[in-house]
Amino acid sequence: MIKHIHLIALLIPCSLLLPTSSFAQQPKKLKTIIIDAGHGGNDYGAVGQYEHSLRSNEKDVTLAISQQLVIELRKQLPEVNTIPTRTSDIYQSPKEKANIANENKGDLFICIHADSGPLKTGRRKIGTRTVTRYKVTYKGKGRRKKKISKPYTVVEPVYECFKLPLTRSGTSVWIFAAHKTSDKLKAIMQEEGQTESEYEIEAGSDSSYNSFDFNSPEGRAIAQIYAKRYQEKSDRLATMVNEAIEPTNRAALGVNQRQKGIWVLQATNMPAILIETGFINNPEDEEYLNSENGQKEIAKAITNAVIRYKSQLEQARSNVQAN
Ligand SMILES: [Zn+2]
């Protein structure tokens, strides 16, 4: 049960809605990665609440892991520009975060979060207390009736309530899923023969997008092609991240998709994944997420996945060039 639902969003910006003729035959290189530390400032995200929790805040954990991730990516991939959305405890709206990604022309958007879920409440006896009660009787009748309260003591148990920790633990990866692929869309993609290609549109290379009608059937189809294209790349990276988590001996909970518009949609013009690094209300996970070792291990796993993704992307690129 995932209560803490996050939203990756790939609302297609107008600048992407180019006619098919302007699809540039330019395979991309992985040049810029945007790392988003989820939440921040007044937005605490999930908070450790179970009994004996470290009371940690998701916003702090995401920042710490993101900082380790930025360090690791810069070390392993010095040729790539790695840009964090935030490096301190500040609030940014999802729109601001997406703007940072788009303005920096990111090729990947990686959001770091921590998960939570509803906690059960337990109750236990912590002692006893002596309570005075009164036995009420009446004497006499009618107007002479008299109330008599006779005190007596009882010993009763004292309970306290506490929040049980989550038993669920592990890392899951989320991607935005486009709407169900229509037959028309399939036809367009087959016609173009680009279903599996690495081709990207050079956004903004054609000024005619200004007059492009988003609501036209063609406009919707092109938008969907985009979502589909990013979805494939997002899914590829998400799968690689999940696989990179496996050897860390923590649960790799897989790749999850969302289709419905429950997401707070924000425009990120690039493949995007969201990593729920662990459950803040699970004791082992909370400790792990707060430890430098844990933060570094997650950062290294994600970096390994990015390296794999990058080499696959650029391998595909050199294959295209060789043809
Ligand atoms: Zn979150």
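One table, with the values for the structure above:
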{"item": "Unique match (being assigned by TED's automatic domain parsing to the domain that holds residue 63, in contact with a His (Cβ under 6 Å, 6 or more places away or on another chain) and either modelled with pLDDT of 85 or more or assigned to a strand (DSSP E or B) (or both)) among 274, 313, 289, 253", "result": "274"}
{"item": "Boolean, residue 128 is more than 16 Å from the ligand (Cβ to nearest atom), farther than 30 Å from residue 62 by Cβ, touching a Pro at 6+ places or on another chain (Cβ under 8 Å) and outside the structural domain of residue 65 (by TED's automatic domain parsing)", "result": "yes"}
{"item": "Checklist (1) within 16 Å of the ligand (Cβ to nearest atom); (2) over 25 Å from residue 294 (Cα atoms); (3) part of a helix (DSSP H, G or I) applied to residue 64, failing item", "result": "(2)"}
{"item": "Top-ranked residue in the range 114-141 [being under 39 Å from the mean Cα position of the chain (by Cα) and of a type in the set (Gly, Ala, Ser); ranked as nearest to residue 48 (Cα to Cα)]", "result": "116"}
{"item": "Leading residue by the ranking (farthest from the ligand (Cβ to nearest atom)) among those in the range 31-61 that are among the charged types (D, E, K, R) and touching an Asp or Glu at 6+ places or on another chain (Cβ under 8 Å)", "result": "31"}
{"item": "Cβ pairs under 8 Å, 6+ apart, first in the range 44-69 and assigned by TED's automatic domain parsing to the domain that holds residue 276 and without any contact (Cβ under 8 Å) to a residue 40 or more places away in the chain, second within 13 Å of the ligand (Cβ to nearest atom) and of a type in the set (Asp, Glu)", "result": "44/58; 59/43"}
{"item": "Single residue of 33, 65 found to be crowded, with 22+ Cβ neighbours inside 10 Å, over 29 Å from residue 168 (Cα atoms) and at pLDDT 95 or above", "result": "33"}
{"item": "The one condition in (1) at pLDDT 95 or above; (2) more than 15 Å from the ligand (Cβ to nearest atom); (3) over 23 Å from residue 273 (Cβ atoms) that residue 24 fails to fulfil", "result": "(1)"}
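The values are calculated or read from the model by the stated rules, or taken from the named source; none is laboratory data. Values in this document were obtained by computation on a predicted structure and should not be read as measured data. As a convention, Cβ positions derive from the backbone with ideal geometry for all residues, glycine included, and neighbour counts pool all protein chains shown.
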